[in-house]
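Please read the structure below before turning to the comments.
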Amino acid sequence: MISFLEGPYRRLRFGKPIVVVSGLPRSGTSMAMKMLEAGGMSIVTDGKRTPDESNPKGYYEFEPVMRLHEDPDKRWLAEVRGKAVKIISFLLGSLPETFSYRVIFMHRNLDEVMASQSKMLETRGESQGADADNDALMASYRTNVEKTERLLARRSCFDVLDVDYKSVLDDAAGAAARIGAFVGDRLDTGAMAAAVDQQLYRNRHRAANARRRADRTARLIRA
């Protein structure tokens, strides 16, 4: 997190901050981008990945983001100052410290993340992998969140707002107010709240059922 003195200094030196919406895949990053867009913020997306059943409101992806970890040319970041761009948590460490970033970091129950991921692969007709692979992936996700939290706390270029996916669904108006105040761009928080679609919360029961099955299996193994 930036200190009281570092904030004005970085703004003078590096210009307007880049608003970064981040988190694990399927953690609500697209929902947050939709809220910012509805509130009147300029967003950065190329529209190449079109809406589908898994993300009917759109993915809000931007191709140069996918090359952050391998492309040394990051001059495009200068063009997105004052705008919002989606960058998954795995790539945050590749952002240079020559800019200021306001990071909206989305958190979501990992069982729901896995259920949403599984459903998306199922919709595409792709393999979901073995249970052991799913366990390894969940462990990887948990480690990534912990590592990312340490990174965000350590580097002065990041100012962070933690946002829980379910809390947005439970209180869209409150979440919109928090995000709007953090971004500080006079956004229409009413429109932001209205952009939250409760019907998209489709994987909570799937996640709960999967966890119950796993718990029953574990009890049988121990018996």
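The values are calculated or read from the model by the stated rules, or taken from the named source; none is laboratory data. What you see is a predicted model, and the numbers here were worked out from it, not measured in a lab. We place every Cβ from the backbone using ideal geometry, glycine too, and count neighbours over all the protein chains shown.
So here's what we get for this one:
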{"item": "Failed item in (1) in contact with a Phe, Trp or Tyr (Cβ under 6 Å, 6 or more places away or on another chain); (2) closer than 19 Å to SER42 by Cβ; (3) not acidic (Asp, Glu), with PHE158 passing the rest", "result": "(2)"}
{"item": "Filter result (over 15 Å from THR29 (Cα atoms), part of a helix (DSSP H, G or I) and basic (Lys, Arg)) within segment 144-203", "result": "LYS147, ARG150, ARG154, ARG178"}
{"item": "Cross-chain or 6+ apart pairs with Cβ under 9 Å, segment 172-198 first and surrounded by fewer than 16 Cβ atoms within 10 Å (Cβ to Cβ), then modelled with pLDDT under 95 and basic (Lys, Arg)", "result": "ASP197/LYS57"}
{"item": "Given (1) touching an Asp or Glu at 6+ places or on another chain (Cβ under 8 Å); (2) modelled with pLDDT of 90 or more, number of the condition LEU95 does not satisfy", "result": "(1)"}
{"item": "Number of positions in segment 133-152 that are under 20 Å from LEU95 (Cβ atoms) and among the hydrophobic types (A, V, I, L, M, F, W, C)", "result": "3"}
{"item": "Residue list for segment 147-186, restricted to those being among the aromatic types (Phe, Trp, Tyr) and in contact with a Ser or Thr (Cβ under 8 Å, 6 or more places away or on another chain)", "result": "TYR165"}
{"item": "Among (1) closer than 17 Å to GLY93 by Cα; (2) modelled with pLDDT of 95 or more; (3) not small (Gly, Ala, Ser) - the single one VAL163 does not satisfy", "result": "(1)"}
{"item": "Options ALA210, ALA132: the member that is of a type in the set (A, V, I, L, M, F, W, C), surrounded by 14 or more Cβ atoms within 10 Å (Cβ to Cβ), more than 24 Å from PHE105 (Cα to Cα) and modelled with pLDDT under 95", "result": "ALA210"}
{"item": "Residues being touching a residue at least 24 places away in the same chain (Cβ under 8 Å) and either among the hydroxyl-bearing types (Ser, Thr, Tyr) or touching a His at 6+ places or on another chain (Cβ under 8 Å) (or both) - total across segment 150-171", "result": "5"}
{"item": "Residues of segment 1-44 classified as of a type in the set (S, T, N, Q) and modelled with pLDDT under 65, total", "result": "1"}
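Yes/no matrix, rows are residues, columns are (1) among the small types (Gly, Ala, Ser); (2) buried (at least 21 other Cβ atoms within 10 Å of the Cβ); (3) in contact (Cβ under 8 Å) with a residue 60 or more places away in the chain:
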site: PHE14; (1), (2), (3): no, no, yes
site: ILE18; (1), (2), (3): no, yes, yes
site: GLY23; (1), (2), (3): yes, yes, yes
site: MET31; (1), (2), (3): no, yes, yes
site: MET35; (1), (2), (3): no, yes, yes
site: MET41; (1), (2), (3): no, yes, yes
site: ASP46; (1), (2), (3): no, no, no
site: ARG49; (1), (2), (3): no, no, no
